[in-house]
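Asker: Starting off with a structure, shown below.
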Amino acid sequence: MSHRSNPQTALKPQDLVVLLKLLGLKEQRRTFAELASDLGMSASEVHSSVGRATEARLVHVTEDHLRVAKEALKEFVLHGARYAFPAVHGAATRGVPTAYAAPPLSGHLNQSTTELPPVWPTPQGNRRGLALYPLYPSVPKAVDKDPWLYQMLALFDALRSGAARERQLASRLLEEQFA
């Protein structure tokens, strides 16, 4: 009996990073090389991400433009992505604040002064906290240049790792970004 390979496409965590970046660009156009530079990825990684997202019907590719399927992406981010890309925690480290410790949630929730906040591990980080590994290793550097992307990824981290109140607020704030 021969085994057939499974032609099923599966999204990768970096695909969500690329999709959120594209969403934030709105009508601005970027080449794969420019997106790659913005995100700290290779152009081939970005191209592959767009290919997987196209198969998943989360982005539409026209002759000269990539258009995010906003409603489909919103549904995926709010209801499915946290199950596809569960939070992975690590030890105390230096990093960039995320989830409830980052804007915009940090301005809405009272933070414990005794509990270490979640951070994306990076030696360039400005805060000591508990590691919450980002969707892609280059995220801490990529969000340095893009405050909107930082907020979106931090909200997603709250959605996938937070307590019920944090998840509820993150969900509401994320939904507003898709309007």
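The values are calculated or read from the model by the stated rules, or taken from the named source; none is laboratory data. Owing to the predicted nature of the structure, the values given are computational and were not obtained by experimental measurement. Every residue, glycine among them, receives a Cβ derived from its backbone with ideal geometry; neighbour counts consider all protein chains shown.
Asker: Quick check on my filter: what residues within segment 37-55 are polar (S, T, N, Q), closer than 18 Å to LEU149 by Cα and crowded, with 17+ Cβ neighbours inside 10 Å?
Answerer: Of everything in segment 37-55, just one residue is polar (S, T, N, Q), closer than 18 Å to LEU149 by Cα and crowded, with 17+ Cβ neighbours inside 10 Å, namely SER49.
Asker: Looking only at segment 88-131, which residues are at negative phi and in contact with an Asp or Glu (Cβ under 7 Å, 6 or more places away or on another chain)?
Answerer: Matches in segment 88-131: THR98, TYR100, LEU105, LEU109, PRO118.
Asker: Can you tell me which residue is nearest to LEU16 (Cα to Cα) among those in segment 43-87 that are in a loop (DSSP other than H, G, I, E, B) and over 17 Å from the mean Cα position of the chain (by Cα)? Steps first, please.
Answerer: Residues of segment 43-87 in a loop (DSSP other than H, G, I, E, B): 56-58, 62-65, 69, 80, 85-87.
Add one more test, that the residue is over 17 Å from the mean Cα position of the chain (by Cα), and what stays is 57, 62-65.
Working: ARG57: 13, THR62: 20, GLU63: 22, ASP64: 21, HIS65: 18 Å.
Ranking the candidates gives ARG57 first.
Asker: Now a separate question. Which number in (1) hydroxyl-bearing (Ser, Thr, Tyr); (2) outside any loop (DSSP other than H, G, I, E, B); (3) surrounded by fewer than 13 Cβ atoms within 10 Å (Cβ to Cβ) marks the one condition that SER106 misses?
Answerer: (3)
One line per residue, one yes/no per condition, for (1) within 22 Å of VAL139 (Cβ to Cβ); (2) in contact with a Leu (Cβ under 9 Å, 6 or more places away or on another chain); (3) in the same structural domain as SER161 (by TED's automatic domain parsing):
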position: VAL18; (1), (2), (3): yes, yes, no
position: THR31; (1), (2), (3): yes, no, no
position: GLU34; (1), (2), (3): yes, no, no
position: VAL61; (1), (2), (3): no, no, no
position: GLU75; (1), (2), (3): no, no, no
position: ALA102; (1), (2), (3): yes, yes, yes
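Asker: From the list THR114, THR122, which one is surrounded by fewer than 17 Cβ atoms within 10 Å (Cβ to Cβ) and without any contact (Cβ under 8 Å) to a residue 60 or more places away in the chain?
Answerer: Answer to the selection: THR114.
Asker: Something else now. Quick one: in segment 61-89, which of the residues that are in contact with a strand residue (DSSP E or B) (Cβ under 7 Å, 6 or more places away or on another chain) and surrounded by 13 or more Cβ atoms within 10 Å (Cβ to Cβ) is nearest to LEU159 (Cα to Cα)?
Answerer: Across segment 61-89, the extreme among qualifying residues is ALA87.
Asker: Counting just the residues of segment 130-166 that are of a type in the set (D, E, K, R) and touching a Ser or Thr at 6+ places or on another chain (Cβ under 9 Å), which one comes out surrounded by the fewest Cβ atoms within 10 Å (Cβ to Cβ)?
Answerer: Of everything passing the filter in segment 130-166, LYS141 is surrounded by the fewest Cβ atoms within 10 Å (Cβ to Cβ).
Asker: May I pose another question? Could you list, ordered by first residue, the pairs with Cβ atoms under 8 Å in which the first is in segment 139-164 and outside any helix (DSSP H, G or I) and the second is of a type in the set (A, V, I, L, M, F, W, C), at least 6 apart or interchain?
Answerer: If the second residue must be of a type in the set (A, V, I, L, M, F, W, C), the pairs left are GLY162/ALA99; GLY162/ALA170.
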